[in-house]
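I have placed the structure first, in the form of C-alpha cells, so that the comments after it can refer back to it.
Read-outs throughout are calculated quantities, based only on the coordinates presented, and are distinct from any laboratory measurement. Keep in mind it's a predicted model, so treat the numbers as computed, not measured. In this analysis, Cβ positions are derived from the backbone assuming ideal geometry, glycine residues included, and neighbour counts consider all displayed protein chains.
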Amino acid sequence: MNPLLSIENLSVGFPSSRGLVKAVADVSFTIGPGETLALVGESGSGKSTAALALTGLLPRSARPQVTGRALFGGRDLLALGAQALRRVRGNSVGMIFQDPSTALNPVFTIGQQIAEPLQIHLGLSWARAQERAVELLTLVRVAEPERRLAQYPHNLSGGMRQRVMIAIALACKPSLLIADEPTTALDVTVQAQVLRLIADLKAAIGMSVLLITHDLGVVWETADRVIVMYAGRKVEDGPVEAILGLPQHPYTMGLLRAARKDGPDGRLAEIPGMVPSPNALPPGCAFEPRCALASVRCRDGRPPFIALGAGHSAACIRAGDGTAP
Amino acid sequence: MTLLAATGLTKHYQISRGFGPASVVQALTEVSFTLDAGETLAIVGESGCGKSTLARCVAGLVEATSGTLALSGEPAADLLKRDRMRFHRSIQMVFQDPYASVNPRRKVGDTVADGLRLHHIVPRAQRRAKVLELLGRVGLAAEHMARYPHELSGGQRQRVAIARALAVDPSVIVCDEPVSALDVSVQAQVMNLLADVQRERNVAYLFISHDLALVQHIAHRIAVMYLGQIVEIGSAAAFKRRLTHPYSQSLFAAAPRIGGTREALVPPLEGEMPSPIDPPSGCRFHTRCPHAVPRCAAEAPALRDVDGRLVRCHLAESITAAATEAAV
C-alpha cells in the first residue's frame, strides 16, 4: 500500500547567535491511508516543529531552514510555494492545535470561521456555506448548531471550542488531519469525548491522523503506529503494541514507567536529569547522560537504527540484544 | 492528630453583569475535611469543581463566605486577625505554574531568602547558609542562587517554589497541581522530592490534582469534588478497592490507560459540567449521571458512610454492588 505521506530526512534548523540550532534532525516516517501515527516526545523533542514544517507554518521571523522531502499526493510539500501550500492546507490537510482559545479568532463568529474554508477551497456561496456549517457542527456533536453560528469563541467552553476547531479542520474532508496535542488543555472527561469524536470521524471520512502528543495513555487508545522523538531525533518507531508493550529504547522505557504512575513506597519512576539543550547535544547518543544502561560505547557516535522486525526499530546499540529489562 | 480541620467551608462570589440583579457563583459548598500531620489529602476534580478555590481558602488567600477552618484547634479566622504571620508560617502554597509564581526579576536566592527574612527564621548572618541548605534539599546547586528564573527549566523553577515554601518550615503545604505543567519524566522527579520532604519533616500536603490515578498512588486520603461539593472522600486504599460514586467512576474511566482495553468499561460522560451559578437541583451530578432516578433530581443526597468511605449518592449501595460484581 502506498503511503499517504512520506517524510524523508526532514531537518529543521533555526539560525541563532550560537550558530544553527537544529530543532529537528534527519527524521523520516510514513503515514498510510486511514492510519493514525502518534509522534511522541516531551517539550523540546521537535515533534511540533516537525508538524509545523510540513505545513509551512513555522514563523518566518525565525528564519527556519527546512531540508528533506515530504511527499504527499505525488508532490513535495517542502518544495511548494506559499500559494500552492495554502491550497493544500485546509483542503487536503486539516490541522487542530492544543489551545482552541488562541487558534480561533476572537472577533469573528463561529459561523464565519467555519464558512471561510468552505468558501475559499470549495467555492460555496455564503448561504450554502452556512448550511454546511450547521451540518459540520452537528457532525462534531455541538448542541444547538444554528444558535452557535452567531456566537463568538468566548461564548463557548474549551471542549466546545475544540469541537469547532475540528469542524473547521474537517470542512473540506481532508485526507490527513494533523492534531497537535488536541486534548492537552481539556479535562479528562472532555478529552475522552473529543478523542472518541476524532476516532469516529476518522472512520467515517477515511482520513489519516498525525497525532502529536506527550500522553502515552492517549497514544495507546488512539494510535496504530508510534514514533518516539528525543532531542530532535527519532529514537524509536513501530506499531503501538510493540512500542508500549516491549519498548527497546531506554528513553521509551523511562517514559512508559513514568506514565504508569507507579513505584514502590508512594514514589514514582523518574528519568533523572533533563533534556539537553539543542545547541549543546552530547557527542554520541543524545540520551546517554540520562540513561541507566549507558556504557562508554554510547559516547562513540550516534547509535544506528536497529531493525527489530514487524516494522519496529530503535536507535540504541542495545536494541534487541536482550539486555533491555 | 488533626492539624487542619475544615467544617462547612463555603465560598460564594457575587458577579454583576451590568444591569439587573447580581448572580452568585457557588464555587464551594459546605466542604468539610481533616488533615493530620505528615498526611497527604488529595483533592481531585475537573475545571470548575472548586478545588483551586478550596486551596486558596485553606492557604488564607481568599476568605470563605461561611464555615470554619481550624489550625491545630485554633480558628484560622482569629489567627489571621491576631497573628497573620504565624498563619502563613504554618501554611505555605506551591502553585501550578512555576513560570507565573516565581518573580522573573529576582534571583533565585533572593526569592528563597524572602521567607527567612520576613519571618525572622534565622539571623541575617546565617541566611545565605540556610538558602544554600534549602536549595540543596530540593536538588539545586549553589550556582543556582545567583540565577534568574528564565535561566532555569520548568522543573527547576518548581523546585525553587518548593524551597521557598520549605524556608519557613510549614506544617502544611497546599500544592495546587504542582506537576501538571511539567514534562512526564520531570513530574516524577518533583513528586518524589515532595514525598522525601514529607518523610523528613512530617509536613502535611493538601494536594490538588485532576489525576485520580496519580493520587491513588501518592496520597493517603482522597476527596473527589464536583461542582463545589465533595462527592466521595476516603482512604486511598478504599479508593483503590473500588470507586462508589458514579462521578468518581467516570473520572477514572475517562483517563486513558496504557495496556487497558481500548473500549471504555464505563460509558464516557456526556455533556459538560453545569454552571456553578445555577447548579442542578437535588444531586448536582444527576444531569450527567448514567444511574440517575427521579429521586436524584428532587432530593440532594448527603455524604454518608458506604463501604468504608463517605459518599454523596442515593444509590451508592446498588452501584457498589454492581461494581463489585463487574470486577468478579
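Treating only the Cβ of Lys, Arg, Asp and Glu as charged (+1, +1, -1, -1), what charge dipole size does chain A show about its Cα centre? Round to the nearest 20 debye. Working shown, then result.
Details: 32 positive and 27 negative charges, 153 e Å.
Here the size comes out at about 740 debye.
Counting only complete DSSP H runs, which helices of chain A cover 24 Å or more along their long axis at the Cα atoms and score a mean Kyte-Doolittle of -0.5 or above?
Going by DSSP H runs, the hits are A:188-205.
Once the Cα atoms of helix B:108-118 and of chain B are each reduced to a long axis, what angle between those two axes, in degrees from 0 to 90 to the nearest 10, is obtained?
In chain B, helix B:108-118 runs at an angle near 90 degrees to the longest axis.
If you fit an axis through the alpha-carbon atoms of helix B:316-327 and take the longest principal axis of the Cα set of chain B, what angle between them do you get, 0 to 90°, nearest 10?
Value to nearest ten degrees: 80.
Hey, what did chain B get for relative contact order, percent, Cα under 8 Å, at least 6 apart?
This gives 20 percent for chain B.
As I understand it, the dipole of the protein assembly as shown uses +1 on the Cβ of Lys and Arg and -1 on the Cβ of Asp and Glu, about the Cα centre. Which of A:MET165, A:LEU58, A:VAL228 lies farthest toward its positive end?
Comparing the listed Cα positions along the dipole, A:LEU58 ranks first.
Please list the radius of gyration and Dmax for the stretch B:28-166, considering alpha-carbon atoms only, with Å as the unit.
Rg then Dmax for the stretch B:28-166, in Å: 16.7, 47.
What does the helix-only formula give at 222 nm for chain A: each DSSP H stretch with n ≥ 4 adding -39500 (n - 2.57), the total divided by the residues, and the result rounded to the nearest 500 deg cm²/dmol?
Mean residue ellipticity, 222 nm, calculated: -9500 deg cm²/dmol.
Quick one: work out the % antiparallel among DSSP beta bridges in the protein assembly as shown, nearest 5.
That works out to approximately 60 percent antiparallel.
In what sequence do B:SER66, B:SER171 fall when counting other Cβ within 10 Å, fewest first? Please report the intermediate quantities before stating the final value.
Working: B:SER66 12, B:SER171 19.
Taking fewest neighbouring Cβ atoms as first place, the list is B:SER66, B:SER171.
Select from A:CYS291, B:GLN198, B:GLN126 the residue farthest towards the positive end of the dipole of the protein assembly as shown; place +1 on Cβ of Lys and Arg, -1 on Cβ of Asp and Glu, and compute about the Cα centre.
Projecting each Cα onto the dipole axis, the largest value belongs to B:GLN126.
With θ set to phi - 60° and the Karplus curve 6.51 cos²θ - 1.76 cosθ + 1.60, what are the ³J(HN,Hα) couplings of the stretch B:83-97 in order, to the nearest whole Hz, using x for Gly and Pro?
Rounded to whole hertz, the list is 9, 4, 4, 5, 4, 6, 5, 7, 10, 10, 9, 10, 9, 5, 9.
Out of all DSSP beta bridges in the stretch B:2-327, what portion is antiparallel? Express it as a percent rounded to 5.
In the stretch B:2-327, approximately 60 percent of DSSP beta bridges are antiparallel ones.
With charges set only on the Cβ (+1 for Lys and Arg, -1 for Asp and Glu), what does the dipole of the stretch A:116-223 come to about its Cα centre, in debye to the nearest 20?
With Lys and Arg at +1 and Asp and Glu at -1, about 280 debye.
Given an 8 Å cut-off on Cα distances and at least 6 residues of separation, report the relative contact order of the stretch A:5-223 as a percent. Walk me through the numbers on the way to the answer.
Working: 372 pairs, mean separation 57.1, N = 219.
Reported as a whole number, the value is 26 percent.
Restricting to Cα atoms and excluding each atom paired with itself, what does the Kirkwood estimate give for the stretch A:46-174 in Å?
Kirkwood radius, the stretch A:46-174: 15.7 Å.
For the stretch A:176-218, divide the Cα radius of gyration by the Kirkwood radius and give the resulting Rg/Rh value with two decimals.
Values: Rg = 10.3 Å, Rh = 10.8 Å.
Expressed as Rg/Rh, it is 0.95.
Round to a whole angstrom and tell me the spacing of the C-alpha centers of the stretch B:127-158 and the stretch A:55-94.
Value for the Cα centre distance between the two parts: 43 Å.
Roughly how big is the protein assembly as shown's charge dipole about its Cα centre, with Cβ charges of +1 (Lys, Arg) and -1 (Asp, Glu), in debye to the nearest 20?
Dipole of the protein assembly as shown, to the nearest 20 debye: 1600 debye.
Residues of A:252-260, mean number of Cβ from any other protein chain within 10 Å of their own Cβ, rounded to a whole number? Don't skip to the answer; put the middle values down first.
Details: counts 0, 0, 3, 3, 3, 3, 8, 8, 5.
Shielding by partners across A:252-260 averages 4.
Find the all-direction average of the projected area of the Cα convex hull for the protein assembly as shown, expressing the result in square nanometres with one decimal place. Intermediate results must be reported in sequence, preceding the final value.
Details: hull surface 130.1 nm².
Hull-based average projected area comes out at 32.5 nm².
Could you pull out the pairs from A:LYS47/B:LYS240; B:LYS51/B:LYS81; A:LYS202/B:LYS51; B:LYS51/B:LYS240 whose alpha carbons sit more than 28 Å apart here?
Those over the limit are A:LYS47/B:LYS240; A:LYS202/B:LYS51.
Based on other C-beta atoms within 10 Å, arrange A:MET207, B:MET145, A:MET253 from fewest to most.
Final ranking by Cβ density, sparse to dense: B:MET145, A:MET253, A:MET207.
Ranked by Cβ crowding within 10 angstrom, fewest neighbours first, how are A:CYS298, B:CYS175 ordered? Mind dumping the intermediate values first?
On the way: A:CYS298 22, B:CYS175 26.
The order, fewest Cβ neighbours first, is A:CYS298, B:CYS175.
Where Rh denotes the Kirkwood radius from the mean inverse Cα pair distance, what is Rg over Rh for chain B?
We get a ratio of 1.00 for chain B.
When the Karplus curve 6.51 cos²θ - 1.76 cosθ + 1.60 is applied with θ = phi - 60°, which whole-Hz ³J(HN,Hα) does each residue of the stretch B:303-308 get, with x for Gly and Pro?
After applying 6.51 cos²θ - 1.76 cosθ + 1.60, I find 5, 9, 7, 9, 6, x Hz.
Counting residues in the stretch A:250-314 as N, plug N into 2.2 N^0.38 Å and put the Cα Rg over that result.
The reported ratio for this selection is 1.30.
What is the spin-label model distance, in nm, from A:GLN65 to B:LYS81 if the labels are put 7 Å beyond Cα along the C-beta direction?
Using points 7 Å along Cα→Cβ, the separation is 6.9 nm.
In degrees between 0 and 90, to the nearest 10, how far off the longest principal axis of chain B does helix B:184-201 point, with axes built from Cα atoms?
For helix B:184-201, the angle is close to 70 degrees.
Would you kindly calculate the mean projected area, averaged across all directions, of the convex hull enclosing the Cα atoms of the stretch B:85-139, in square nanometres?
Details: hull surface 17.5 nm².
Its average projected convex-hull area is 4.4 nm².
In peptide A:40-50, how many Cβ atoms from other protein chains are near each Cβ within 10 Å, on average?
Details: counts 0, 1, 5, 5, 2, 1, 0, 0, 0, 0, 0.
Neighbouring Cβ atoms belonging to other protein chains average 1 per residue here.
Starting from the alpha-carbon convex hull of chain A, give the projected area averaged over all orientations, in nm². Walk me through the intermediate numbers first.
On the way: hull surface 72.8 nm².
One quarter of the hull surface, i.e. the mean projection, equals 18.2 nm².
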